[in-house]
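Engineer: Mind looking over this structure? Questions follow.
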Amino acid sequence: MSAGYSSEITGIEAHYIGNYLLIHDGNKQTGLVNEKLPKALSVKVFNEETGEFVPDVPITFSILDPVNGAKFSNGQASIVANTHIVTSTIVIADVKLTLGTSTGTYKVKATCPAEVCTSGAKEVTFTEKAVGTALTCVSCEWHGKIGERLANPFRLKVVNPVNGAPIAGSAVNYDVI
């Protein structure tokens, strides 16, 4: 003989309440190859039940292919950073990324431990862009006769295409044809 209890409840939704990972700042930046991005890549862990952000969570940041020399402050392609209290309303884990040697897209995955992020996203991906410098002509009016000096000097400028700022100390090679 067995005994049991059964009932049916309708019209009620059940949700698992837990922590999940989300991007705070630093996604979709553009920077120069071999340079540190202006903003840190930062994430936060949110607790749905309390409505608060969770401190002291170890977040693993990993550079996905292609690495091309991209690195974090520890010189590696992976780093662990704990979420920490910045202000009473901001609790984040953040890392600085130096872009690699090639232009193009760089992806960084941030991962929350499965035992902490129990609901929703356990991973998020940052997408960053590396660009090369641009060479612009400052003095482009070159008229003259063969064997004679130009009236105006030949001048080029190396600039950051992200913000248009000149980059001092850059080597420029050219050939006389």
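Any read-out appearing in this document is the output of simple, stated calculations on the displayed coordinates, not a laboratory observation. In this text, all values refer to a predicted model and were calculated from it rather than measured experimentally. Don't worry about glycine lacking a Cβ; one is built from the backbone with ideal geometry, like all the others, and counts go over all protein chains shown.
Engineer: Which residues' amide hydrogens lie under 5 Å from the amide hydrogen of Ile59, considering only partners 5 or more residues apart or on another chain, with H built in the peptide plane?
Structural biologist: Ala81, Asn82, Thr83
Engineer: Considering only Ala77, Ala40, Leu99, whose Cα is most displaced toward the positive end of the charge dipole of the chain, charges sitting on Cβ of Lys, Arg (+1) and Asp, Glu (-1)?
Structural biologist: My answer, from the dipole projection, is Leu99.
Engineer: Could you run the Karplus curve 6.51 cos²θ - 1.76 cosθ + 1.60 with θ = phi - 60° over the stretch 128-139 and give me ³J(HN,Hα) per residue in whole Hz, x for Gly and Pro?
Structural biologist: In residue order, the calculated couplings are 10, 10, 10, 10, x, 6, 10, 9, 10, 8, 8, 10 Hz.
Engineer: Given H placed on each backbone N at 1.01 Å, which residues far from Tyr106 in sequence or on other chains put an amide H within less than 5 Å of it?
Structural biologist: Distant-sequence amide H within range of Tyr106: Glu128, Lys129, Ala130.
Engineer: Counting other C-beta atoms within 10 Å, which of Tyr174, Tyr106 has the fewest, and how do the rest follow?
Structural biologist: Tyr174, Tyr106
Engineer: For Leu135 and Glu35, compute 0.36 nm times the residue count separating them, minus their Cα-Cα distance, and round to one decimal in nm.
Structural biologist: On the way: separation 100, 0.36 × 100 = 36.00 nm, distance 1.78 nm.
Roughly 34.2 nm would be gained on extension.
Engineer: Find the relative contact order for the stretch 75-165 and round it to a whole percent, using C-alpha pairs within less than 8 Å whose residues are 6+ positions apart. Kindly include the intermediate steps, with their values, before the conclusion.
Structural biologist: Working: 100 pairs, mean separation 17.6, N = 91.
Relative CO of the stretch 75-165 lands at 19 percent.
Engineer: Hey, another quick one. Rounding to the nearest 20 debye, state how big the charge dipole of the stretch 11-134 is about its Cα centre with +1 on each Lys and Arg Cβ and -1 on each Asp and Glu Cβ. Display every interim value, and only then the final one.
Structural biologist: Details: 10 positive and 12 negative charges, 128 e Å.
Dipole of the stretch 11-134, to the nearest 20 debye: 620 debye.
Engineer: Let me ask something else. Give a residue-ordered list of calculated ³J(HN,Hα) values for the stretch 83-92 (Karplus: 6.51 cos²θ - 1.76 cosθ + 1.60, θ = phi - 60°; whole Hz; x for Gly, Pro).
Structural biologist: For the stretch 83-92, the Karplus curve yields 5, 9, 7, 9, 9, 5, 10, 10, 10, 9 Hz.
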